[in-house]
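The values are calculated or read from the model by the stated rules, or taken from the named source; none is laboratory data. Since we're looking at a predicted model, the values are computed, not measured. Glycine gets a Cβ as well: all are built from the backbone with ideal geometry, and neighbour counts include every protein chain shown. The accessibility values were calculated without ligands, DNA or RNA, using every heavy atom of the protein model including side chains. Shrake-Rupley method; radii C 1.70, N 1.55, O 1.52, S 1.80 Å.
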Amino acid sequence: MREGNLPRDSRCVVCKKVCYSSECLAGMRCEWCGQTAHALCYRQMDGNCQFGLLQKIMLPPNCLTIPRTELPMEQLLNITASSEQSTSLSSPCKITADDVSSGGDEGKEKEDYEVLRIFDGNNSLRTQVFRTASVPKTASAQQIRDAALRRFHIQDTPENFYVTQVINDLTGEEETLEDPVPLRNVKRPEGRRAQVFLRYRDDPDKAVVKIYGGWLRVPVTFCTLNVTKETVVQDIVSESLEHFGLDRKTWNRYNLIEVSLERGVAERTCNHHENMLQLVRNLRKDSLRRYHVIRFYVQEKEDPHDHAVFGAVYEDKKLIVLCLPNVQPKMLPPDSEPLLVLVNVKSGGCQGTELIKSFRKLLNPFQVFDVLKGGPLVGLYVFRNIPKYKILACGGDGTIGWVLQCLDIAKQDAACFSPPCGVVPLGTGNDLARVLRWGGGYTGEENPLDILKDVIEADEVRLDRWAVVFHEEERSQPPTAPAAEGGAEGEGMMNNPEDQTSMIIMNNYFGIGIDADVCLKFHNKRDANPEKFQSRLFNKTQYVKIGLQKALFERTCKDLWKRIEVEVDGKVIELPNIEGIIVLNLLSWGSGANPWGTAKEDENFSKPTHYDGLLEVVGVSDVSRLGLIQSKLAAGIRIAQGGSIRITTHEEWPVQVDGEPHIQPPGTITILKSALRANMLKKPRRRTRGRSPVPFGVVAYTPAPAYMSPRA
């Protein structure tokens, strides 16, 4: 729970009254579910957060283990922070020799006071890391002990501690301080202050330890056990299992883990034959401060914490290395379907940067990933053991295709073979997002909470995917000089026919001719000056400019219909007078246009969908018709509909697959149904929401109708 700064519409979940106040530090708010309450009411709330409306897609924090490392949290999440933020978020700093008490001990060192160096154990003496305390020269041993406890913020019973003086720095020899005036006989090294140990009064025969259940599903958080001289770690594990309601005979399936929270998190697996009493005494003698931030956990051997590091090594190039969390699937609620959010922060004028921040506030930060730092495989690897989950891909059509391609790779060894994928459209075209009702483009005005609600309510639909196989024409003799100039890339592939074949998976559409030529010119301009192409409006104006140049000065695709052959389902198709061909899997192309048209279906063609196993072949007569299609003022020429398409070319042509263009040498292009299917999330039709209170503590925002417009 965090105090203060509540939204204006906040209502207390206990008394149902308004709990917002102009006093910024009034009221309490849950950082996970967003529920708000008065400072007096929040203690009546359920101690276990249910994550509010996002419970179904939330990745609960108790099912995650984080790498035991001293890396700061922003580095684990791969968040770039400023130098000031990095200082504030990083692990605790080492106590330096200049560390003095906050009360200004140096100023107190008068004739009747003395400043002491206090060590909390043997380790601090070895490293000369101490704290100072100012005490009266006539102070008793009890007063010195109490001052030392305050300096190390130890809240235990004072009678369990005592103080000794350091006789020898090298050997650690010490001597107990005795009343009535212990400082009178304390040795003071030349030019240095008196050095004192704070020690724990150990019982030589027994001790008490707390053992935590950690990631085990047990009804209690911890149990308290007595240990003796004969107690070993194996006995502790057996007795703990009995207290947790588990079978103590299965002790050999568990380990006892010593976890230290002193600097970051560090862990050690205890040996089963290790003496537990001696272990506790050694920890206290080494450092009392560290002992108070150490916990012992019982953990299953077959599910140890995975110190996952994800990276790549190639010559001297800069590496991306991420410490990834490990998900414990058995800790997930039965009806949970956690959401994996993959964001391309560079898409759509860099709108993804704000979106990733919002999703990390609403969800578990470890379920939101930036695909530019390691790719989609990073998030898919973290979710590999979850039996059922959803994906939300935030980016353009290229990002969606990238996510689906990585999913094809990762799902072979994953517990969930085909998780459904939703879309937040951040690109220029966003054709797949339009078909699935996610809109024509994220404007920044949509409430991220509403997006997550839509993901929960979305319907699963199937998306056909197609394999586009490019096979270059085999040449029995070296190419002529003009051909060599245009197709130098294929010159080294002539000896092996397999090297002349490549394949691309298509999700949206394929084009050859005029539309691919315009797309290629646009991509070349964007690659030359990427900093200029940061908005959808600018991108679309560049498309128009290139189209006008093609219409007035360049007609490189003239008479395409005479220079290629097309077969659909094995039948040769007679082409009309066209300069380009578009093969559609979706009824959305070029930022929401429909080249197939919305006219009444005739008997020759069935109604197209993105899951009917058929492709639609459309012809474009010239660049002016292409402009009319993109302006949604006209449709293309319906040519054919079928399950397999073969195009034969005898010269180089510009082609594009899902908006990614290239020059294809002469040969054959075959489009076949792929065995790789994708399950997608289709946004539910928007309903008018009432003005009911929002338990998340945030202002609900209903996007304007323009969000659903293809021009948004």
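With 23 Å as the limit, the listed pairs Lys571/Lys632; Lys17/Lys453; Lys210/Lys249; Lys56/Lys330 have Lys571/Lys632; Lys17/Lys453 beyond it between alpha carbons. Hey, what D do you get for the range 356-473 in µm²/s if you plug the Kirkwood alpha-carbon radius into Stokes-Einstein at 37 °C and 0.692 mPa s? Using the Kirkwood radius from Cα pairs, D works out to 214 µm²/s.
In sequence order, the range 226-240 has phi-based couplings of 9, 10, 10, 5, 8, 6, 10, 4, 4, 5, 4, 4, 4, 5, 5 Hz under the Karplus curve 6.51 cos²θ - 1.76 cosθ + 1.60, θ = phi - 60°, and Gly or Pro positions carry x.
Surface composition of the range 596-686: carbon plus sulfur atoms hold 51% of the accessible area, using a 1.4 angstrom probe and ignoring ligands, DNA and RNA. Can you give the log10 of the normalised intensity I(q)/I(0) at q = 0.21, 0.24 Å⁻¹, computed with Debye over equal Cα scatterers of the range 605-680? Summing over Cα pairs of the range 605-680 leads to -1.29, -1.35. Remark: the Val461-Asn123 segment gains 115.5 nm on full extension, using 0.36 nm per residue and subtracting the alpha carbon distance.
A crude spin-label estimate for the pair Arg253 and Thr501, with each label 7 Å from Cα along the Cβ direction, gives 5.0 nm. Taking each residue as 0.36 nm, the span from Arg217 to Lys56 lengthens on full extension beyond its C-alpha to C-alpha distance by 56.0 nm. Hey, with R₀ at 35 Å, roughly what FRET efficiency would Asp286 and Arg384 work out to, going by the Cβ-Cβ distance, to 0.05? Using R0 = 35 Å, I get an efficiency of 0.35.
Peptides 659-665, 365-371, 630-636, 16-22 ranked from most to least packed by the mean count of surrounding Cβ atoms within 10 Å: 365-371, 659-665, 630-636, 16-22. Spin-label model, Leu170/Val572: points 7 Å from Cα along the beta carbon direction are separated by 10.0 nm.
Scaling against 2.2 N^0.38 Å puts the C-alpha radius of gyration of the range 1-58 at 1.06. Taken along the Cα-to-beta-carbon direction at a fixed 7 Å, the label points for Arg43 and His523 span 6.5 nm.
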